[in-house]
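J.: Take this structure first; my questions come after.
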């Protein structure tokens with residue numbers, strides 16, 4: 001059975017990353033990691049969350065998004 005909640009939240013995270021809004025993407029990836037059922041999805045969401053935290057910490061984001 002598909003985990004629709006995980007898929008919906010992770011898609012929001014992807015869209016936030018694409019727009020350069022890493023603070024929002026961090027929150028969405030964190031939520032996705034809590035909703036994930038498969039260990040690989042938990043790992044992926046946590047890895048993306050950490051990446052977004054780094055981007056946000058160093059000020060990368062909207063001003064660099066194309």
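J.: Before we move on, is residue 40 surrounded by fewer than 12 Cβ atoms within 10 Å (Cβ to Cβ) and part of a helix (DSSP H, G or I)?
T.: Criteria met by residue 40.
J.: Find the residue count for the stretch 14-33, including only residues that are farther than 15 Å from residue 43 by Cα and in a helix (DSSP H, G or I). Walk me through how you get there before you give the answer.
T.: First, pick out the residues of the stretch 14-33 that are farther than 15 Å from residue 43 by Cα: 14-25, 27.
Narrowing the set further to residues that are in a helix (DSSP H, G or I) leaves 14-18, 22-25, 27.
Count: 10.
J.: Every residue in the stretch 48-58 that is out of contact with any helix residue (DSSP H, G or I) (no Cβ under 6 Å at 6 or more places or on another chain) and either in a loop (DSSP other than H, G, I, E, B) or at pLDDT 95 or above (or both), please.
T.: 50, 51, 54, 58
J.: Which of (1) surrounded by 12 or more Cβ atoms within 10 Å (Cβ to Cβ); (2) more than 17 Å from residue 8 (Cα to Cα) does residue 62 not meet, given it meets every other one?
T.: Among (1) surrounded by 12 or more Cβ atoms within 10 Å (Cβ to Cβ); (2) more than 17 Å from residue 8 (Cα to Cα), the lone unmet condition for residue 62 is (1).
J.: When the stretch 8-19 is examined, which residues are found to be surrounded by fewer than 16 Cβ atoms within 10 Å (Cβ to Cβ) and closer than 21 Å to residue 60 by Cβ?
T.: Within the stretch 8-19, 14, 15, 18, 19 meet the criteria.
J.: Still on this structure: If residue 61 satisfies all but one of (1) at pLDDT 95 or above; (2) touching a helix residue (DSSP H, G or I) at 6+ places or on another chain (Cβ under 7 Å), what's the number of the condition it fails?
T.: Of (1) at pLDDT 95 or above; (2) touching a helix residue (DSSP H, G or I) at 6+ places or on another chain (Cβ under 7 Å), only one is false for residue 61: (1).
J.: Does residue 45 satisfy the condition of being in contact with a helix residue (DSSP H, G or I) (Cβ under 8 Å, 6 or more places away or on another chain), modelled with pLDDT of 95 or more, part of a helix (DSSP H, G or I) and crowded, with 17+ Cβ neighbours inside 10 Å?
T.: So residue 45 passes the test.
The values are calculated or read from the model by the stated rules, or taken from the named source; none is laboratory data. Given the structure is predicted, the values throughout are model-derived calculations rather than measurements. Virtual Cβ from ideal backbone geometry, glycine too; neighbours counted across all protein chains shown.
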